[in-house]
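Novice: Quick one: the structure is below, questions incoming.
The values are calculated or read from the model by the stated rules, or taken from the named source; none is laboratory data. Remember, it's a predicted structure, so these values are computed and weren't measured experimentally. Here Cβ is always computed from backbone atoms with ideal geometry, including for glycine, and neighbour counts include all displayed protein chains. Note: accessible area is taken over every heavy atom of the protein model, side chains too, but ligands, DNA and RNA are not part of it. Shrake-Rupley method; radii C 1.70, N 1.55, O 1.52, S 1.80 Å.
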Amino acid sequence: QAASTLALERGTTPPGVFSDLRAFDGSVPLVAMTAYNLAFRAGDARFASMLVDSGLSGTILPDLQLDE
């Protein structure tokens, strides 16, 4: 909770994180782990596009049920 509060206080937003990830030049695949509400609010297709455009290889949505 402390990390979440600090991130919000510093102005962290999903679009800002995606922008930072686009600038990352690493040699390993990256996977994001986040709550499903971010994907839901953006829309599943738009969220998936943002992931791909940011260079991510996948995502973990631990609170999304398997049948969804």
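Novice: About the Cα centre, and with charges only on the beta carbon of Lys, Arg (+1) and Asp, Glu (-1), how big is the dipole of the chain? Nearest 20 debye, please.
Specialist: Numbers: 4 positive and 8 negative charges, 40 e Å.
It comes to approximately 200 debye.
Novice: Of the accessible area of the chain, with the probe set at 1.4 angstrom, what percent is carbon plus sulfur? Before the final figure, lay out the partial values.
Specialist: Details: 3020 of 5310 Å².
Using a 1.4 Å probe with all protein chains present, the chain comes out at 57 percent carbon and sulfur.
Novice: Can you give the accessible area per residue of the chain, in Å², using a 1.4 Å probe? Please report the intermediate quantities before stating the final value.
Specialist: Numbers: 5310 Å² over 68 residues.
The answer is 78 Å² per residue.
Novice: For the range 26-68, count the residues as N, evaluate 2.2 N^0.38 Å, and divide the Cα radius of gyration by that value, please. Intermediate results must be reported in sequence, preceding the final value.
Specialist: Details: Rg = 10.7 Å, N = 43, 2.2 N^0.38 = 9.2 Å.
For the range 26-68, the normalised Cα radius of gyration is 1.17.
Novice: Amide H neighbours of residue 59 under 5 Å, counting only residues 5+ apart in sequence or on other chains, H built in-plane at 1.01 Å?
Specialist: Residues meeting the amide H criterion: 32.
Novice: Points 7 angstrom from Cα along the Cβ direction at residue 31 and residue 57: gap in nanometres?
Specialist: Simple spin-label model gives 0.9 nm for this pair.
Novice: Counting other Cβ atoms within 10 Å, which trypsin sites (Lys or Arg not before Pro) in the chain have at most 10 and lie in a DSSP loop? Intermediate results must be reported in sequence, preceding the final value.
Specialist: Details: sites: 10, 22, 41, 46; in loops: 10.
Counting only loop positions with at most 10 other Cβ atoms within 10 Å, the trypsin sites (Lys or Arg not before Pro) in the chain are 10.
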